[in-house]
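One structure is given below, encoded as structure tokens.
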Amino acid sequence: MKGIVTDESGVPLVGVSVRYKELPQVGVTTDIDGKFSIKEMKEGKTLVFSYIGMKNVEHLLKGATPFIKIKMESATSELDQVVVTGYTQTTFKKMTGSVGIISADQLKDQAQPTVDASCKVK
């Protein structure tokens, strides 16, 4: 069985995981053109498509389908807390040391400094 996986606008997705729901050990990933080829199973099996940032898609196989087209939708999620250290990103729970928390509202109306404002000529 062959097919192609795209996003909402029709752009092919690279690296989408394609596996059988009933046999998760049987799976492949899409190539640079969003195409995949997976061992064909009996009718009634379900293919599961998963990709980071996208909602999982399940496709029930009905009859002899030589080629399928799957369109994935983006999934939005919010981050709880992220700590940026300058070297790496980690979560608040994994940090050792002191951490200050600044909300987006506190930074919202701050004036942006320029080179002129930071240099005082006498």
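Assorted remarks:
- Flag if K45 is among the basic types (K, R) and under 12 Å from M1 (Cβ atoms): yes
- First in the stretch 17-30 and touching a residue at least 24 places away in the same chain (Cβ under 8 Å) and in a strand (DSSP E or B), second anywhere and among the polar types (S, T, N, Q) and open to solvent by 50 Å² or more (accessible area, probe 1.4 Å), Cβ under 9 Å, 6 or more apart: S17/T29; V18/T29; R19/Q25
Residue by residue, here is whether (1) within 30 Å of S103 (Cα to Cα); (2) open to solvent by 60 Å² or more (accessible area, probe 1.4 Å); (3) at pLDDT 90 or above; (4) in contact with a His (Cβ under 6 Å, 6 or more places away or on another chain) holds:
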site	(1), (2), (3), (4)
D7	no, no, yes, no
V26	no, no, no, no
T29	no, yes, yes, no
K39	no, yes, no, no
K55	yes, yes, yes, no
K62	no, yes, no, no
T76	yes, yes, no, no
Q81	yes, yes, no, no
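The values are calculated or read from the model by the stated rules, or taken from the named source; none is laboratory data. If you're wondering where the values come from, they're calculated on a predicted model, not measured in any experiment. Quick reminder, even Gly has a Cβ in these numbers, built from the backbone with ideal geometry, and neighbours come from all protein chains shown. Only protein heavy atoms, including side chains, enter the accessible area calculation; ligands, DNA and RNA are left aside. Shrake-Rupley method; radii C 1.70, N 1.55, O 1.52, S 1.80 Å.
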